[in-house]
Amino acid sequence: MSGTRNTQVFDLSTSNLRELNSRLQNEGPDAAWEIQNPVGRHALAVGLTQPISVTIDGHAGYYAAGMNQRANVVITGNAGQGVGENMMSGSVHVKGNASSSAGATAHGGLLVIDGDAGARCGISIKGADIVVRGSVGHMSAFMAQSGNLVVCGDAGDALGDSLYETRIFVRGNVKGLGADCEEKEMTPEDLAILTSLLSKAGVTDISPSEFRLFGSARKLYHFRVDNASAY
Amino acid sequence: MTENHHDVTKTFPRYSATFDEFTISQIQRAAATGIYDIRGGGTKRKLPHFDDLLFLGASMSRYPLEGYRERCGTDVVLGTRFAKKPIHLKTPVTIAGMSFGALSAQAKEALGRGASAVGTSTTTGDGGMTPEERGHSSTLVYQYLPSRYGMNPDDLRKADAIEIVVGQGAKPGGGGMLLGQKISARVAKMRDLPEGIDQRSACRHPDWTGPDDLEIKIEELREITNWEKPIYVKVGASRPYYDISLAVKSGADVVVLDGMQGGTAATQEVFIEHVGLPILAAIRPAVQALQDLGMHRKVQLIVSGGIRTGADVAKALALGADAVAIGTAALIALGDQNPDLAAEYAKLGAKPGTYDDWQDGRDPAGITTQDPELAKRLDPILGGRRIANYLSVMTMEAQTIARACGKSHLHNLEPEDLVALTMEAAAMTQLPLAGTNWYPGKAGF
Amino acid sequence: MCGIVGLFIKNPALQPELGRLTSLMLKTMTERGPDSAGFAVYGSPASGQRKMTVRGITDENIGEFEAGFLKTAGGTADAAKHKDHVVLTYASELEPAIRAFVNSFGHGVHFAASGESIELYKGVGLPEDVVARFELEKMQGTHAIGHTRMATESAVTTAGAHPFSTGPDQCLVHNGSLSNHNTLRRRLINEGLTFETENDSEVAAGYLSWRLAQGDKLDQALESSIGELDGFYTFVVGTREGFAVLRDPVACKPAVMAETDDYVAFASEYRAFADLPGIENAKVFEPEPQRVYHWEHAA
């Protein structure tokens, strides 16, 4: 944790967003920052490129840690729409709830949400891993392409609609599956991925054996008249 | 009664205007396959277009500039509203967004070479930025699309401007498609998709919907790129007055308005032919929106969709646009529809001038393909030269017209330099019908 | 396309704070809707009396308007002016006569809302200016709903600002865009409703009022709207007793709620809650699509 490093403090009640992002974006590796008084401001800690650690002490608005590369960002409160959107690498950890489209289109990195995530969690992800300790809203993993979504709670309606190759692990109830999403048998390889992700996310009180796996039925991969009712 | 009375009374066989040959083939095709026709290109039907407008040259009341001798400026600056680094172009004719995937890498490179040679910009597409394209484009606009295929913050920072695509003229309200034939290993990797599947692009952005949320998205993009890059917002022409107003309210530096003649790599034929407005009908309400907000010429307007000649360029600018973008025309300049390829088009069931199976990946011109053998047919250096030639001709044609109207810069062309040839064009543009001072809806003679 | 806020007070001790808290929430939503703003505040009803908010009052028309109103209402009536709005108070049985007087008065004067407890203010301009103009922070009551507007397909006018009130003590605010409001407006006009604007949100308000007039409870009216209203929407609806929230099946437009023992709050974005007391311990959640959320005070 950042305790061993000299943590710098940035107070958003006295300085502006442009200054914050500009300093974080131009920071060298291994720096540690604590951002105070975020009060739900948008675009906090976006476009980071260095392996620094940033703690947003409170609630963040839209697109917190958007397009993150290599940085480790912790949000102690709730995060607004599109937290960690298009993340490439690094990690984002939301200790509260996340709003809709969490981790949208993320290509890499790890997004951990301790609370619940809203609708469309992991929409169109392209390689990222997302672990949600609570539940996710409807249309989660919509059109998700690759990577993994782990849901320790329940999943809303239309889970994995129009899914490509993302794996979806759900421990609780699934309200309904979207078009072309089906339950799959968990292979040892899948189980190893799940175990590793739970461990990386610090989830130690839940056994991987409690999860079910969902994936693409691959019936919509080609336009065919027989699939017309699915559109 | 004569012997051959049957010949006299028999009516000549007559085709139906409603069920014409094309319609019949469409119905028969639908019945046979059970899936709608997916094709590339833009609308093929006759639409009101720039041909329905004419310039009033100078004579007694206005004085012309001497052709070739007296200066007529063509440069344009885009993104002057908020961006720290606006784009300076030598000609207002730019290359529209077309993806690597839809086009071969060679075609993308050729577009970059040609555009750079004449000092204008080219644009990426749904699928990301290739090193070839970045390397050969002096000014490159990076498209930010609903699917975010190949979307990478490093490329975002490498771009000279960012174009947030809300919609496209060929299919406002719809997402694009790339059929399996064109999802090669390289395309698949760039898009994080399995090879060879039919890929559907999203029609809405995954993390915002509507202008209130777009405003926040624009703030994020600016924060990530140090407020340097102009942010364009591209819409398909459907409700231009409201859409342009909202793009401006959301914080756009530049708005791009694409008419229904604009092409696509692949979408439903029914979409191409039946959704959206021709560009001629869309420019006036868009300019009106900018004027009502006090933003005309402050937020620049780029129009596209069926731009073919310097006359089209001059007309679009006179109606109030700051620049234009070309797509289909650029592909034709590269060699698409080339009559020399008639035999190869015939094998595909087409003829030069009719070829629209851009979704199919078997383009004999090597442009809309990912087949390495076909793609090799296009020499990017030669192709770049053809694009540069074509862009230069369009620019000179626009200058010729502007000088004849007495303008020392293209951006001084104005609606009063134009008249409409048809009632339809007059009504859509509110330009007077040729020879009158009247347009439909206006009192007068 | 807009920002919405709503605050429903459970603990009566917080009622004097309603206006102050609502104005803080509303100002936070300025960027979502810089064109215009409006709010409805529900105060405690006086028995046998009704209130009507009227807008479009000017220095030129106020004299004639007040005289006409007092003549129509007689005895105990009162007219309190708040900038270009005036709140009329009169005996309940005079409602039809007062409404007829307001509707026929002309001179740019428009009915805004009426009922036992609703007062409704709206205007063009930045939300902070609109809020300051009407001194929202001084207002008290049981619940309030506010809106900041970024106009989409209709004009930036006071008439086009939200909330819309189309029935007694009812109001509606909306973020989103309805795709079938023109057809629905024509149908409701056939049912006898009248509309002041081309705004899609007014149609939604009218639809709910029509259902309520047909005997639906508020939650039933909202349930039936799911099948009738097409497009993307988040609605917050106010009634004399409480308020309700509904999102469309796709639920693209943002919505977040916070509940404590003292209040229920709604906003388009979390940051609108920043100044609410005890927010750090509130239950915060996003309303699910197609589900009617409904809070009421005991009548």
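Taking the condition of being without any contact (Cβ under 8 Å) to a residue 60 or more places away in the chain and either buried (at least 17 other Cβ atoms within 10 Å of the Cβ) or in a helix (DSSP H, G or I) (or both), how many residues in segment B:417-444 meet it?
If we filter segment B:417-444 for residues that are without any contact (Cβ under 8 Å) to a residue 60 or more places away in the chain, which is where we start, we get B:423, B:426-427, B:432-433, B:435-444.
Restricting the remaining residues to those that are either buried (at least 17 other Cβ atoms within 10 Å of the Cβ) or in a helix (DSSP H, G or I) (or both) gives B:423, B:426-427, B:432-433, B:439.
Number of matching residues: 6.
Which numbered condition in (1) surrounded by fewer than 21 Cβ atoms within 10 Å (Cβ to Cβ); (2) more than 12 Å from chain A (Cβ to nearest Cβ) is the only one that B:K171 fails?
Evaluating B:K171 over (1) surrounded by fewer than 21 Cβ atoms within 10 Å (Cβ to Cβ); (2) more than 12 Å from chain A (Cβ to nearest Cβ) leaves (1) as the failure.
Among the numbered criteria (1) within 14 Å of chain A (Cβ to nearest Cβ); (2) in contact with a Ser or Thr (Cβ under 7 Å, 6 or more places away or on another chain); (3) among the β-branched types (V, I, T), which one does C:I279 miss?
If we test C:I279 against (1) within 14 Å of chain A (Cβ to nearest Cβ); (2) in contact with a Ser or Thr (Cβ under 7 Å, 6 or more places away or on another chain); (3) among the β-branched types (V, I, T), just (2) comes out false.
Of the residues C:A265, C:A255, which is surrounded by 19 or more Cβ atoms within 10 Å (Cβ to Cβ), of a type in the set (G, A, S) and farther than 23 Å from C:D230 by Cα?
On the way: C:A255 fails: farther than 23 Å from C:D230 by Cα.
Answer to the check: C:A265.
Residues of segment A:150-163 being within 14 Å of chain B (Cβ to nearest Cβ) and touching a residue at least 24 places away in the same chain (Cβ under 8 Å), which ones?
If the condition is that a residue be within 14 Å of chain B (Cβ to nearest Cβ) and touching a residue at least 24 places away in the same chain (Cβ under 8 Å), then A:S162, A:L163 are the ones that fit.
Assigned to a helix (DSSP H, G or I) and at pLDDT 95 or above, is that true of B:A32?
On the way: assigned to a helix (DSSP H, G or I): yes; at pLDDT 95 or above: no.
Here the answer is no, as B:A32 does not meet what is asked.
Just checking: which of the strands (runs of 3 or more DSSP E) contained wholly in segment B:248-366 hold 2 or more residues that are touching an Asp or Glu at 6+ places or on another chain (Cβ under 7 Å) and on the phi < 0 side of the Ramachandran plot?
On the way: elements: B:254-258, B:300-304, B:323-326.
Answer list for segment B:248-366: B:300-304.
Does A:A141 count as of a type in the set (A, V, I, L, M, F, W, C), buried (at least 24 other Cβ atoms within 10 Å of the Cβ), in a loop (DSSP other than H, G, I, E, B) and more than 10 Å from chain B (Cβ to nearest Cβ)?
Working: of a type in the set (A, V, I, L, M, F, W, C): yes; buried (at least 24 other Cβ atoms within 10 Å of the Cβ): yes; in a loop (DSSP other than H, G, I, E, B): yes; more than 10 Å from chain B (Cβ to nearest Cβ): yes.
So A:A141 passes the test.
Quick one: count up the residues across segment A:178-203 that are surrounded by fewer than 17 Cβ atoms within 10 Å (Cβ to Cβ) and not in a loop (DSSP other than H, G, I, E, B).
Qualifying residue count, segment A:178-203: 11.
As an exercise: evaluate A:G96 against (1) farther than 29 Å from A:L163 by Cβ; (2) within 12 Å of chain C (Cβ to nearest Cβ); (3) surrounded by fewer than 22 Cβ atoms within 10 Å (Cβ to Cβ); (4) not polar (S, T, N, Q) and give the number of the one condition it does not meet.
All conditions are met except number (1).
I need the full set of residues from segment C:181-195 which are assigned to a loop (DSSP other than H, G, I, E, B) and exposed (fewer than 14 other Cβ atoms within 10 Å of the Cβ), in order please. Before you say what the answer is, go through the steps one by one.
Let us first name the residues in segment C:181-195 that are assigned to a loop (DSSP other than H, G, I, E, B), namely C:191-195.
Result: C:E191, C:G192, C:T194.
If A:G172 passes every condition in (1) away from chain B (no Cβ under 14 Å); (2) part of a loop (DSSP other than H, G, I, E, B); (3) buried (at least 24 other Cβ atoms within 10 Å of the Cβ) but one, which one does it miss?
Looking at each condition in turn, A:G172 falls short on (3).
Go through the residues of segment C:159-171 one by one and say whether even a single one is within 14 Å of chain B (Cβ to nearest Cβ), assigned to a strand (DSSP E or B) and within 19 Å of C:W210 (Cα to Cα).
Among the residues of segment C:159-171, not one is within 14 Å of chain B (Cβ to nearest Cβ), assigned to a strand (DSSP E or B) and within 19 Å of C:W210 (Cα to Cα), which makes the answer no.
Report whether or not C:K27 is closer than 23 Å to C:G206 by Cα and either among the aliphatic types (A, V, I, L, M) or touching a residue at least 60 places away in the same chain (Cβ under 8 Å) (or both).
Answer is no for this residue.
For C:G278, work out the one condition from (1) without any contact (Cβ under 8 Å) to a residue 40 or more places away in the chain; (2) under 18 Å from C:G3 (Cβ atoms) it doesn't fulfil.
Status for C:G278: all satisfied but (2).
Name, by its number, the condition in (1) under 14 Å from A:V131 (Cα atoms); (2) buried (at least 24 other Cβ atoms within 10 Å of the Cβ); (3) within 14 Å of chain C (Cβ to nearest Cβ) that does not hold for A:Y63.
(1)
Going by the structure shown, is B:P194 surrounded by fewer than 24 Cβ atoms within 10 Å (Cβ to Cβ), under 30 Å from A:T166 (Cα atoms) and more than 10 Å from chain A (Cβ to nearest Cβ)? I'd like the intermediate steps shown before the answer.
Numbers: surrounded by fewer than 24 Cβ atoms within 10 Å (Cβ to Cβ): yes; under 30 Å from A:T166 (Cα atoms): yes; more than 10 Å from chain A (Cβ to nearest Cβ): no.
No; evaluated as a whole, the condition is false for this residue.
Taking only pairs six or more apart or across chains, which ones have beta-carbon atoms under 7 Å, a first residue in segment B:40-51 that is on the phi > 0 side of the Ramachandran plot, and a second residue that is in a loop (DSSP other than H, G, I, E, B) and at pLDDT below 95?
Between residues of segment B:40-51 that are on the phi > 0 side of the Ramachandran plot and residues that are in a loop (DSSP other than H, G, I, E, B) and at pLDDT below 95, the close pairs are B:G41/B:G263; B:G41/B:D356.
Of everything in segment C:20-58, what is more than 14 Å from every other protein chain (Cβ to nearest Cβ), in contact with a Phe, Trp or Tyr (Cβ under 9 Å, 6 or more places away or on another chain) and within 30 Å of C:K253 (Cβ to Cβ)? Give them in sequence order.
Those that are more than 14 Å from every other protein chain (Cβ to nearest Cβ), in contact with a Phe, Trp or Tyr (Cβ under 9 Å, 6 or more places away or on another chain) and within 30 Å of C:K253 (Cβ to Cβ): C:L21, C:T22, C:S23, C:L26, C:G38, C:F39, C:A40, C:V41, C:Y42, C:T53, C:R55.
Can you name every residue in segment C:67-93 that is crowded, with 20+ Cβ neighbours inside 10 Å and within 21 Å of C:Q170 (Cα to Cα)?
C:H85, C:V86, C:V87, C:L88, C:Y90
Say whether the condition of being at negative phi, of a type in the set (D, E, K, R) and touching a residue at least 24 places away in the same chain (Cβ under 8 Å) is met by at least one residue in segment A:99-115.
No, segment A:99-115 contains no residue that is at negative phi, of a type in the set (D, E, K, R) and touching a residue at least 24 places away in the same chain (Cβ under 8 Å).
How about segment B:197-228: which of its residues are assigned to a helix (DSSP H, G or I), more than 24 Å from the chain's Cα centre (by Cα) and more than 10 Å from chain A (Cβ to nearest Cβ)? First the steps, then the outcome.
Pass one, segment B:197-228, residues assigned to a helix (DSSP H, G or I): B:211-224.
If we keep only those that are more than 24 Å from the chain's Cα centre (by Cα) as well, we get B:212-213, B:215-217, B:219-224.
If the condition is that a residue be assigned to a helix (DSSP H, G or I), more than 24 Å from the chain's Cα centre (by Cα) and more than 10 Å from chain A (Cβ to nearest Cβ), then B:D212 is the only one that fits.
Could you check how many residues of segment C:185-211 are over 16 Å from the mean Cα position of the chain (by Cα) and either closer than 23 Å to C:T157 by Cα or not basic (K, R) (or both)? Quick ask: steps written out before the conclusion?
In the first step, residues of segment C:185-211 are kept if they are over 16 Å from the mean Cα position of the chain (by Cα); the result is C:185-194, C:198, C:210-211.
In the following step, the residues that additionally are either closer than 23 Å to C:T157 by Cα or not basic (K, R) (or both) were identified as C:185-186, C:188-194, C:198, C:210.
Of the residues in that region, 11 qualify.
Being under 24 Å from B:M260 (Cα atoms) and among the small types (G, A, S) is the filter; apply it to segment B:19-67 and report the residue that is farthest from the other protein chains (Cβ to nearest Cβ).
B:G42
Does B:A266 satisfy the condition of being in contact with a Leu (Cβ under 9 Å, 6 or more places away or on another chain), of a type outside the set (D, E, K, R), at pLDDT below 95 and within 18 Å of B:K171 (Cα to Cα)? Steps first, please.
Numbers: in contact with a Leu (Cβ under 9 Å, 6 or more places away or on another chain): yes; of a type outside the set (D, E, K, R): yes; at pLDDT below 95: yes; within 18 Å of B:K171 (Cα to Cα): yes.
Considered against the rule, which asks whether it is in contact with a Leu (Cβ under 9 Å, 6 or more places away or on another chain), of a type outside the set (D, E, K, R), at pLDDT below 95 and within 18 Å of B:K171 (Cα to Cα), B:A266 comes out as yes.
Which one of C:V102, C:V130 is part of a helix (DSSP H, G or I), among the aliphatic types (A, V, I, L, M) and closer than 17 Å to C:H162 by Cβ? Show your work before the answer.
Details: C:V102 fails: closer than 17 Å to C:H162 by Cβ.
On inspection, the qualifying residue turns out to be C:V130.
Taking segment A:6-46, which residues are surrounded by fewer than 22 Cβ atoms within 10 Å (Cβ to Cβ) and within 14 Å of chain C (Cβ to nearest Cβ)?
A:L12, A:S13, A:L17, A:Q36, A:N37, A:V39
Can you confirm whether segment B:86-95 contains a residue that is surrounded by fewer than 21 Cβ atoms within 10 Å (Cβ to Cβ) and within 14 Å of chain A (Cβ to nearest Cβ)?
Looking for residues that are surrounded by fewer than 21 Cβ atoms within 10 Å (Cβ to Cβ) and within 14 Å of chain A (Cβ to nearest Cβ), one finds none in segment B:86-95, hence no.
The values are calculated or read from the model by the stated rules, or taken from the named source; none is laboratory data. Predicted model only: the values in this text are computed from it and were never measured. Using ideal geometry, Cβ is built from the backbone for each residue, glycine included, and neighbour counts are taken over all protein chains shown.
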